[in-house]
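The values are calculated or read from the model by the stated rules, or taken from the named source; none is laboratory data. What you see is a predicted model, and the numbers here were worked out from it, not measured in a lab. Glycine also receives a Cβ, built like all others from the backbone with ideal geometry; neighbour counts cover every protein chain displayed. With ligands, DNA and RNA removed, areas are computed over all heavy atoms of the protein, side chains included. Shrake-Rupley method; radii C 1.70, N 1.55, O 1.52, S 1.80 Å.
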Amino acid sequence: MRIVVTGGRGDLGGRVVRELGARGHDAVPASRRTGVDLSTGDGVDAVLDGADAVVHAASSQTRPQSVDVAGARRLGESLRRLGSSAHVVSISIVGCDLVPYAYYRAKVDSERALEEAGIAATVVRATQFHSLAAFFGTAGRVGPLAFAIGDMRVQPVDIDWVAQRLCDHATGPAPSGFRRATDLAGPTAYTAGEMAALLAAHDGRRTPRVVRVPPFLPVLKGFSQGAILPGPDAKTGGRGFEEWLTTQPTPLPRRFRSPT
Ligand SMILES: NC(=O)c1ccc[n+]([C@@H]2O[C@H](COP(=O)([O-])OP(=O)(O)OC[C@H]3O[C@@H](n4cnc5c(N)ncnc54)[C@H](OP(=O)(O)O)[C@@H]3O)[C@@H](O)[C@H]2O)c1
C-alpha cells in the first residue's frame, strides 16, 4: 500500500514510516521538510494523489490550530477533491476533551474536523509517551523537591507500540465513515511520587520529597482528577515505563522527545 504519513519526520511519524517500510509498504513522509505544508496546503494534493491511506501525525505545539486542525481539514478536502477513498488515521490524546488546555482543545477540534470531513477516518487517542512523562517528571524536580499537581497520575505509553497500532489501522480495513478507535495506554499508572522515585533511581540520585501543589487552575484540576488516565476499555500494551527507562541514558536528558 502507498501510505502518506504527515509529520513523517517527527518522533511518532518517523516510527510509523519505519514500521510501514518494515511491513513492506510504500511509506511517504509528508511535512515541510518534504515540501508539504499543512498550514498553507502546499504540496498536499500532490502527495495524497494515489495514496491508499494516510496517517496524520503532524502537529505543532505552538500552532496546533493551523497544523493539527486545519491540516486535518485540508486532508479531507484534498481527498474529496481527488475523489480518493483513502483512509485517514489520526493520533489524538486520551482525555483531550476533559482538560481546558489550548493544545488539547486543538486535538478535539482536529478529531471533529475529520468527523465532519465525510471521509473514512479513524481517530486513535493515546496517553503520554514515556519521554513526555519523564520530561515532566524531571522538570518538576527542583533540588531535593519534586512538585506534583494535586493527585495527578500518568499512565504513559511506549511510542513504538503506538506507532505499530497506527500502522495496523492504516493497513487494516477502513471504516465506512468516522470512528474513534480504542484508546491506547501503557500498562501502569504512576503517581508523581512514584515517577520521581523511578527517575531519581535511574539517575543515581536520592528520592526527592514530593510537594503537592493544589490544582487551583481548571487545567490543573483536570490533570489532578485523572482526566488523562485511560478508561477501563482502553487497550494497554507495549514496554512499560520502567523497562523503557532502562534503555535511556544516565542521567536522563531533560528533553521532550525520544529520538531513538
Ligand atoms: N508526545 C506525546 O506524549 C503524545 C501523546 C499522545 C499523542 N501525541 C500526538 O502524537 C502526534 C505526534 O507527536 P510527535 O511528538 O511525534 O510530534 P513531533 O515530533 O513534533 O512531529 C511533528 C511533525 O509535524 C511536522 N509539522 C509541523 N508543522 C507542519 C506543517 N505546517 N505542515 C506539515 N507538517 C508539519 C513537523 O515536521 P516539519 O518540521 O518537517 O514540518 C514534525 O516533524 C501529535 O499529534 C501529538 O498530539 C503525542
task: Mind listing whichever residues of region 105-115 are open to solvent by 10 Å² or more (accessible area, probe 1.4 Å) and within 9 Å of the ligand (Cβ to nearest atom)?
output: Lys107
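Quick grid of which residues meet (1) under 22 Å from Val28 (Cα atoms); (2) under 15 Å from the mean Cα position of the chain (by Cα):
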site: Ala86; (1), (2): yes, no
site: Ile93; (1), (2): no, yes
site: Arg112; (1), (2): no, no
site: Val124; (1), (2): yes, yes
site: Thr138; (1), (2): no, no
site: Arg141; (1), (2): no, no
site: Val157; (1), (2): no, yes
site: Arg165; (1), (2): yes, yes
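So, of the residues in region 41-71 that are small (Gly, Ala, Ser) and in a helix (DSSP H, G or I), which turns out to be farthest from the ligand (Cβ to nearest atom)?
Per the stated criteria, the residue is Ala46.
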message: So the check is Cβ under 6 Å with 6+ separation or different chains; which pairs have a first residue in region 3-14 that's part of a strand (DSSP E or B) and open to solvent by less than 10 Å² (accessible area, probe 1.4 Å) and a second one that's among the small types (Gly, Ala, Ser) and more than 6 Å from the ligand (Cβ to nearest atom)?
response: Ile3/Ala27; Ile3/Ala53; Ile3/Ala170; Val4/Ala30; Val4/Ala51; Val5/Ala27; Thr6/Ala30
- request: Working only within region 199-220, note down all residues that are buried (at least 17 other Cβ atoms within 10 Å of the Cβ) and either outside any strand (DSSP E or B) or in contact with a Lys or Arg (Cβ under 9 Å, 6 or more places away or on another chain) (or both).
  value: Leu199, Ala200, His202, Pro208, Pro215, Leu220
- request: Look through region 147-166, keep the residues that are more than 9 Å from the ligand (Cβ to nearest atom) and under 16 Å from Gly226 (Cα atoms), and return whichever of them is surrounded by the fewest Cβ atoms within 10 Å (Cβ to Cβ).
  value: Asp151
- prompt: Hey, Gln164 hits all of (1) out of contact with any helix residue (DSSP H, G or I) (no Cβ under 7 Å at 6 or more places or on another chain); (2) under 20 Å from Val88 (Cβ atoms); (3) of a type in the set (S, T, N, Q); (4) in contact (Cβ under 8 Å) with a residue 60 or more places away in the chain but one; which does it fall short on?
  reply: (1)
- request: Under 8 Å between Cβ atoms, at least 6 apart or on separate chains: pull out the pairs that start in region 131-145 with a residue that is within 16 Å of the ligand (Cβ to nearest atom) and end on any residue that is among the polar types (S, T, N, Q) and modelled with pLDDT of 90 or more.
  value: Ala134/Gln248; Phe136/Gln128
- line: Restricted to region 72-97 and to residues being over 16 Å from Arg180 (Cα atoms) and not in a helix (DSSP H, G or I), the residue most open to solvent (accessible area, probe 1.4 Å) is Ser85
field: Filtered residues of region 116-132 (kept if closer than 27 Å to Gly238 by Cβ and open to solvent by 30 Å² or more (accessible area, probe 1.4 Å))
entry: Phe129, Leu132
